[in-house]
Every structure is written in structure tokens, then in C-alpha cells.
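**Student:** First, the structure itself, so that you have it in front of you.
Since every read-out is calculated from the coordinates, none of them should be taken as a lab result. Every value quoted in this text rests on a predicted model; they were computed, and no experiment measured them. FYI the Cβ positions are ideal-geometry reconstructions off the backbone, even for glycines, and counts take in every protein chain you see.
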Amino acid sequence: MVDQLITLPAFPAPSIERADQVRIVARENVQIVGITARERETESLVLAFRAVYGLDLPMKPARVEKDGLAVVWAGWHQWLLMSDVAAVPDLEQIMRADFGGYAAVVDHSDARAIVAVSGRRARDLLAKGVSIDLHPRVFTTGDAAATAISHVGMHIWQTDEKPTFELAVPRTYADSLWRWMERASAEYQNSDSLL
Amino acid sequence: MRINCPCCGERSLDEFVYYGDADLRRPDPQDEEAGAKFIAYVYERTNPSGFHRELWYHGLGCRTWIVAERDTRTHEIYATCRAVDGGAPEGAAADRERS
């Protein structure tokens with residue numbers, strides 16, 4: 001329910017700017033709803049979702065988006081759905097009404113925090129804490145993964161070619177991740193630093 | 001060691017939790033020798049040198065239970081699959097066919 005959304009920010013600051021190299025932005029006010037297909041209902045769920053939103057629920061680690069609704073693969077027959085609070089009044093209620101028969105629908109808005117990392121050194125920064133390869137040959141816009149950063153479990157996906165990555169972590173770890181981001185990105189604070 | 005998760009692809013060992021033998025079968029509590037069978041089920045392991053079917057949990061990833069076929073001497077992994085898909089022990093599959 002929107003009126004129960006945590007109003008305190010998950011992160012201690014709105015952003016971290018590192019010259020023209022890395023930009024780290026707290027993405028507050030995102031509604032996050034998790035859906036898990038019920039047993040033997042995946043096909044019906046996928047068909048219903050396509051009919052209503054014109055989106056195919058990805059069956060592999062990937063992200064799709066249409067009209068302000070983003071879908072990120074989050075495990076076997078599980079997805080995270082995201083939209084801005086301002087754009088959609090109550091995503092969980094809508095999803096439960098539309099797909100409750102095919103899927104377990106749970107509001108994760110209070111459980112997750114999302115941070116966006118972008119800029120030409122974004123991959124270098126993330127490489128310090130992420131064990132999967134984020135090189136553009138193997139991970140690009142539309143790709144997603146469930147993995148960890150600095151020992152914190154997270155979902156990560158790439159939204160554009162700047163590149164911009166978004167990371168969803170448990171909200172209680174948001175502060176810890178932010179401190180890690182501050183220190184790990186400190187070397188990029190001068191725009192003329194040598195590569 | 002890297003494990004090929006059927007959902008996520010190849011991942012570092014530190015994303016997984018090891019659970020052990022994938023072919024253990026929980027004994028029937030109504031069995032006359034249930035006590036002895038449960039002791040064997042809980043404590044006795046064969047510690048094979050070579051081929052081993054074992055359970056792994058992708059906890060820092062997609063949270064899927066995986067059965068891996070691994071060589072305990074070389075750590076080579078021959079195959080992985082989701083435990084619910086074909087990872088069931090042969091005994092369990094045979095039980096299902098009988099029922």
C-alpha cells in the first residue's frame with residue numbers, strides 16, 4: 001500500500017558525484033512488487049501479462065520496460081515489477097487484481113532499495129565488489145543478474161549505454177552499500193585522473 | 001571452483017552453500033527399524049573418492065537448489081541441474097514410478 005511506504009530515504013544522501021567519471025544516485029520513490037508464478041500457472045501468467053501490458057516476462061536474467069513499468073527477472077519464474085510512485089498509485093493492488101490467480105504478488109517497496117550507478121567508470125567501480133563479468137561483450141542494456149556486491153545479495157540490471165546500472169539491495173543494507181560506494185569511488189573524484 | 005547455475009550461468013563458489021549428498025532418502029518413520037535408519041540417514045556418509053552427486057544452494061544468486069555431479073578428487077563438475085527438474089535421487093524417481 002502506498003500510504004505504508006517508508007518515507008525516510010533508504011540512503012544517507014541523494015547522490016555521489018565523481019567529476020565526469022561516476023555518478024551514484026539513490027532511486028527513492030520506486031514501487032517494487034515481486035511476483036512468483038504459482039505451480040503450473042507460469043504459461044497463463046505470461047499470456048495474461050502480455051495481454052495486459054504488452055510485455056513478455058523474461059524467462060532468463062533480463063529486464064524489459066514499457067510505459068513506465070519495468071520487469072526484471074528475479075529467479076526461476078519470479079520477477080520484480082517496478083514503477084514510480086507518482087506514476088502509478090498502487091502497483092501491488094493492480095498486480096494482485098490482474099494476476100493474483102496465477103502468481104503470488106508481494107509488495108517489496110519497503111524491503112528493497114535501488115541505487116543507480118552510471119558513467120564511464122561505472123564498470124570499474126562495480127568490478128571492485130561484483131564477481132560477475134559486466135564487460136559489454138557479455139552484459140549489456142537489458143541484461144540482469146542475481147548476484148552479490150561486497151557480500152550483499154542484490155539484483156543488478158543495465159538500463160542504458162552510458163552505461164547505467166541499477167542495483168536493488170535489501171533496504172537494511174542500503175546504508176552499508178552507500179558507504180562502500182563512497183570509498184570505492186573515491187579514486188574517481190578528479191576528472192583528470194589517469195586511467 | 002565455479003558452478004554452472006542452470007538459471008544464472010557460471011558463478012563463483014562463494015555464491016553457493018554446500019548441502020551434501022543429493023541421493024539421501026529420508027526413511028519412513030513408521031518403519032520397524034526407523035531408529036537405526038534415521039541414524040544412518042543423518043550421520044553416515046560414504047565419503048566417495050571420485051564421482052559424487054551433491055546439493056548446492058545458490059543463496060547469493062537466484063536461490064535455486066541445484067544438483068551438481070562433481071569429481072571430489074579434481075573438483076571437475078560434469079553436470080548441474082535444478083533439483084526439482086531431474087535432480088531427484090534415483091530412488092525417489094523409482095518410488096514415483098511405482099506409485
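**Student:** I need B:Cys5, B:Cys81, B:Cys62 ordered by Cβ neighbour count within 10 Å, fewest first. Let's see the in-between values first.
**Tutor:** Working: B:Cys5 21, B:Cys81 14, B:Cys62 24.
Ordered from fewest to most neighbouring Cβ atoms within 10 Å, B:Cys5, B:Cys81, B:Cys62 come out as B:Cys81, B:Cys5, B:Cys62.
**Student:** Mean shadow of the stretch B:2-98, computed from the convex hull of its alpha carbons, in nm²?
**Tutor:** Working: hull surface 28.4 nm².
Value for the stretch B:2-98: 7.1 nm².
**Student:** Further, regarding this structure: Would you mind getting the Kirkwood hydrodynamic radius of the stretch A:75-141 from its Cα pairs, rounded to one decimal in Å?
**Tutor:** Working: mean 1/r = 0.0664 Å⁻¹.
In the stretch A:75-141 this quantity evaluates to 15.1 Å.
**Student:** Moving on. Just report the Cα centroid separation between the stretch A:53-87 and the stretch B:10-53, whole Å.
**Tutor:** 38
**Student:** By counting other Cβ atoms within 10 Å of each Cβ, how are A:Trp73, A:Trp157 ranked from fewest to most? Don't jump to the answer; show the numbers that get you there.
**Tutor:** Working: A:Trp73 26, A:Trp157 23.
Placing the least packed residue first, the sequence is A:Trp157, A:Trp73.
**Student:** Further question: Which is the longest stretch in chain B that no exposed loop site breaks, taking sites as trypsin sites (Lys or Arg not before Pro) with a DSSP loop state and at most 16 other Cβ atoms within 10 Å? Can you show the working numbers first?
**Tutor:** Working: sites that count: B:Arg25, B:Arg45, B:Arg63, B:Arg73.
Segment B:74-99 is the longest.
**Student:** Still on this structure, please answer the following. Hey, what did chain A get for relative contact order, percent, Cα under 8 Å, at least 6 apart? Show your work: numbers first, answer last.
**Tutor:** Working: 373 pairs, mean separation 52.0, N = 195.
Rounded, it is 27 percent for chain A.
**Student:** Going 7 Å from the Cα of A:Asp84 along its beta-carbon direction, which residues of the stretch A:100-127 have the amide nitrogen within less than 17 Å of the resulting point?
**Tutor:** Correct set: A:114-116.
**Student:** Give the order of A:Leu8, A:Leu167 when sorted by the count of other beta carbons within 10 angstrom, beginning with the fewest.
**Tutor:** Values: A:Leu8 5, A:Leu167 25.
Least crowded to most crowded, the residues run A:Leu8, A:Leu167.
**Student:** Continuing with the same structure: If you build a Gaussian network model of chain A, linking Cα atoms that sit under 10 Å apart, which residue out of A:Ala144, A:Ala127, A:Ala86 swings the most?
**Tutor:** A:Ala86
**Student:** Considering the alpha-carbon set of chain A alone, what are its Rg and its Dmax in angstrom?
**Tutor:** 17.1, 56
**Student:** Just tell me which lysines come within less than 24 Å, Cα to Cα, of A:Lys162; anything on the same chain fewer than 8 places away is out.
**Tutor:** A:Lys60, A:Lys66, A:Lys128
**Student:** With each label point set 7 Å from Cα along the Cα-Cβ vector, what nm distance links B:Tyr19 and B:Tyr78?
**Tutor:** 2.1
**Student:** Run through the stretch A:154-195 and list the GluC sites (Glu not before Pro) located in a DSSP loop whose Cβ has at most 15 other Cβ atoms within 10 Å.
**Tutor:** On the way: sites: A:Glu161, A:Glu166, A:Glu182, A:Glu187; in loops: A:Glu161.
Those that pass, being in a loop and sparsely packed, are A:Glu161.
**Student:** Using the Karplus curve 6.51 cos²θ - 1.76 cosθ + 1.60 with θ = phi - 60°, what ³J(HN,Hα) values do you get for each residue of the stretch B:29-46, in whole Hz, with x for Gly and Pro?
**Tutor:** Karplus values, whole Hz, x for Gly and Pro: x, 7, 4, 4, 9, 4, x, 5, 5, 5, 4, 5, 5, 7, 10, 8, 10, 8.
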